[in-house]
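Enquirer: Please see the structure below; I have some questions.
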Amino acid sequence: MPTRAPDLDDVTRLAPHLASETGPAPSVSRLLPPLPRSISTRVVATLLLALLAALALVHHRAWLAVQADLATLARSQGLAGPDLAEVTTRMRREGDPTDARVVLAARLFDLEVASREPGSPASAERLLATRELAREALRAEPASWQAAMLLGAAVSLERARSRDPRIYSLAKDWERPLTVAGELAPAEMQPRRLLAAAYLEVWPALTPEKRAKVEALLRDAFLEPHTFERLYEPWVTIAGSLDRAATLLPDQPLTWKRLATTALGRKSWSEFAALSGRSRASLRQSLEHDLALAATAVERGDLPGARRQYSAVLAAAPVDAEFLPIVETALGRLPPGPADEAQVRAAEAWLGWALPLCLVRDCPFAGPAMGRLASLAGSMLRGGEAAFAALAADDRARADLLERRSDEVWSEPWAPFLTYKAKLEAARKEIPAARATLLTVHRAFRDRLAWRTLAERLAAVGVVPGPPLARASWEAADWWFDQGASRLDLLPARPATALWLELPEAARSEALLEVQWDGHALPPLVVAAGATSVRLPIAVTPGAGSATIPAEPHLLEVRVRAGDLRPATRVRLE
């Protein structure tokens with residue numbers, strides 16, 4: 001009979017006997033027939049895969065639940081439309097509940113910082129939600145610098161807005177998280193910027209030693225544009241004087257422009273004048289640097305980048321002779337392409353500044369630059385302006401075409417073009433043509449200096465001369481107005497150290513004037529309350545002209561920047 005394999009009961013009965021006679025009993029695994037290795041591995045692998053699948057399913061369902069809860073919270077805090085979709089996508093992309101909470105907390109905090117109603121119940125709810133989301137994230141991941149930063153920032157802002165005294169008594173509640181966030185992420189500037197903002201809220205309670213450390217934080221924080229905008233007003237209020245405020249602000253055009261605007265709002269005219277000068281100097285340096293960057297972009301072949309840089313230069317440059325070389329360089333190097341809105345506005349402004357100077361004196365821009373300005377302004381120019389710009393750009397063919405196509409050449413808007421056309425014809429010794437063109441100019445324009453000067457020069461061929469052009473005073477009727485500016489073209493009869501503006505009535509309050517002389521901006525001019533005249537410190541020289549017109553013409557432009565003041569009725573040489 002075949003031998004039966006021992007079963008477990010047999011092994012159990014024999015074990016004591018085997019142990020007494022032969023030593024320790026053999027293991028059960030050695031007595032049982034071994035299972036095939038392939039079968040055991042397959043079973044274990046299957047069980048592991050099933051377990052992993054179950055865990056993944058549980059995790060996925062939990063993650064979906066967290067996403068749903070966070071999306072509901074986002075909607076309850078006012079997020080909707082594209083903003084909600086963006087936040088939801090970013091949270092889903094993180095793939096982790098802790099990181100998703102940080103994403104939502106950051107978005108809610110940004111909304112709250114930019115809120116126009118910081119004291120509303122909705123605002124308080126957003127800050128509370130930000131704080132709790134950051135706290136939950138920090139519990140789950142204590143090393144999260146973003147969670148620590150948002151927790152401290154939310155607590156500080158919440159207590160500051162509600163005037164909670166704990167912002168002073170329990171400063172550690174916001175100071176410690178923000179400090180830890182900076183320690184966890186030493187390369188990140190945001191924790192230190194938010195810490196600086198929090199310290200501004202408790203500035204009166206800081207010791208002199210602490211303030212010195214906070215000032216270092218503020219100096220770095222102001223380098224970031226959004227932080228600058230958020231902290232500028234609180235810091236200027238704390239600093240007291242604008243000079244003191246400027247010590248921590250970066251030396252850049254935005255800083256000086258904002259400080260000048262603040263001085264203007266405070267009606268501190270002397271400070272405004274000084275800060276305006278600093279602003280112009282800083283802006284000029286910045287624009288020259290931008291020109292160099294644009295040139296480098298061209299060398300690299302980055303024409304779109306260069307075009308954006310040159311466009312920014314054109315948009316930022318003040319319309320003034322000091323910045324003319326910079327603008328002319330930008331116009332000459334600007335890569336071809338469609339003009340954006342900023343370029344169109346800049347071109348219109350520069351043409352509006354240049355064309356009167358072309359009439360009274362010489363065109364400030366060279367022909368190619370005038371042509372580029374006209375091209376950028378495009379259809380925004382009216383017929384007479386476009387034809388004038390074409391003439392100034394030495395594009396006579398286009399100017400003639402625009403003139404032939406217009407049925408309003410007889411009208412007053414076309415008078416500057418016709419006068420300038422006659423001026424150019426006279427310069428080319430085309431006297432009959434110049435005289436004929438001059439006589440077609442609208443009569444309302446014939447009192448202007450440009451027309452009368454040309455009429456004097458053409459007197460030999462039949463133009464009747466008018467009153468003497470060179471004078472020592474000018475009346476209200478001599479002024480003309482354009483785009484918010486009062487302008488006066490004048491021909492001085494003698495040298496003078498200044499001009500006097502005699503006001504039509506005493507100034508009701510202090511006023512601030514912006515003056516340009518031949519296209520050059522002068523420092524802002526203060527008019528005291530009750531003043532009846534204003535002195536312009538302009539050196540007036542007759543110049544070397546012809547025997548008929550021995551003086552040199554000038555163009556005066558006056559704008560009222562602040563205050564209630566009407567244009568001067570009379571101007572006289574000192």
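Enquirer: From the list Asp407, Asp482, Asp489, pick out the single residue that is surrounded by fewer than 16 Cβ atoms within 10 Å (Cβ to Cβ), modelled with pLDDT under 95 and within 26 Å of Val571 (Cα to Cα).
Expert: When all the criteria are applied, what remains is Asp482.
Enquirer: Tell me, which helices (runs of 4 or more DSSP H) wholly within region 223-311 include 2 or more residues that are within 24 Å of Ala511 (Cα to Cα)?
Expert: Result: 242-246, 253-265, 269-300.
Enquirer: Something else: Which one is modelled with the highest pLDDT among residues in region 532-574 that are in a loop (DSSP other than H, G, I, E, B) and in contact with a helix residue (DSSP H, G or I) (Cβ under 7 Å, 6 or more places away or on another chain)?
Expert: Pro553
Enquirer: Which condition number in (1) surrounded by 16 or more Cβ atoms within 10 Å (Cβ to Cβ); (2) within 18 Å of the chain's Cα centre (by Cα); (3) acidic (Asp, Glu) is the one that Asp340 fails?
Expert: Single failed check for Asp340: (1).
Enquirer: Could you say which residue among Leu259, Leu293 is touching a helix residue (DSSP H, G or I) at 6+ places or on another chain (Cβ under 8 Å), under 23 Å from Pro325 (Cβ atoms), of a type in the set (A, V, I, L, M) and not assigned by TED's automatic domain parsing to the domain that holds Phe228?
Expert: None of the others qualify; the one that does is Leu293.
Enquirer: Does Arg266 count as among the basic types (Lys, Arg) and touching a residue at least 12 places away in the same chain (Cβ under 8 Å)?
Expert: For Arg266, the condition - among the basic types (Lys, Arg) and touching a residue at least 12 places away in the same chain (Cβ under 8 Å) - is not met.
Enquirer: For region 174-191, give me the residue count where each residue is of a type outside the set (D, E, K, R), within 18 Å of Val202 (Cβ to Cβ) and surrounded by fewer than 20 Cβ atoms within 10 Å (Cβ to Cβ).
Expert: 1
Enquirer: Here's another thing I want to ask about it. If you take the residues of region 346-393 that are in contact with a Gly (Cβ under 7 Å, 6 or more places away or on another chain) and assigned to a loop (DSSP other than H, G, I, E, B), which of them is farthest from Arg448 (Cα to Cα)?
Expert: Here the residue is Ala393.
Enquirer: Now for a separate question. Looking at Ser144, is it among the polar types (S, T, N, Q), over 17 Å from Pro234 (Cβ atoms) and surrounded by 18 or more Cβ atoms within 10 Å (Cβ to Cβ)?
Expert: So Ser144 passes the test.
Enquirer: Still on this model: Every residue in region 100-121 that is out of contact with any Leu (no Cβ under 9 Å at 6 or more places or on another chain) and in contact (Cβ under 8 Å) with a residue 12 or more places away in the chain, please.
Expert: If the condition is that a residue be out of contact with any Leu (no Cβ under 9 Å at 6 or more places or on another chain) and in contact (Cβ under 8 Å) with a residue 12 or more places away in the chain, then Gly119 is the only one that fits.
Enquirer: For region 318-333, does any single residue satisfy the condition of being within 30 Å of Thr453 (Cβ to Cβ), part of a helix (DSSP H, G or I), touching a His at 6+ places or on another chain (Cβ under 8 Å) and touching a residue at least 40 places away in the same chain (Cβ under 8 Å)?
Expert: There is at least one residue in region 318-333 that is within 30 Å of Thr453 (Cβ to Cβ), part of a helix (DSSP H, G or I), touching a His at 6+ places or on another chain (Cβ under 8 Å) and touching a residue at least 40 places away in the same chain (Cβ under 8 Å).
Enquirer: Looking at Asp362, Asp447, Asp400, Asp395, can you tell me which residue is more than 30 Å from Leu334 (Cβ to Cβ) and not aliphatic (A, V, I, L, M)?
Expert: Checking each option against the conditions leaves just Asp447.
Enquirer: Which of the following residues is without any contact (Cβ under 8 Å) to a residue 24 or more places away in the chain, crowded, with 22+ Cβ neighbours inside 10 Å and under 45 Å from the mean Cα position of the chain (by Cα): Ala422, Ala393, Ala374, Ala399?
Expert: Ala399
The values are calculated or read from the model by the stated rules, or taken from the named source; none is laboratory data. Predicted model only: the values in this text are computed from it and were never measured. Cβ coordinates were reconstructed from backbone atoms using ideal geometry, including for glycine residues, and neighbour counts include every protein chain displayed.
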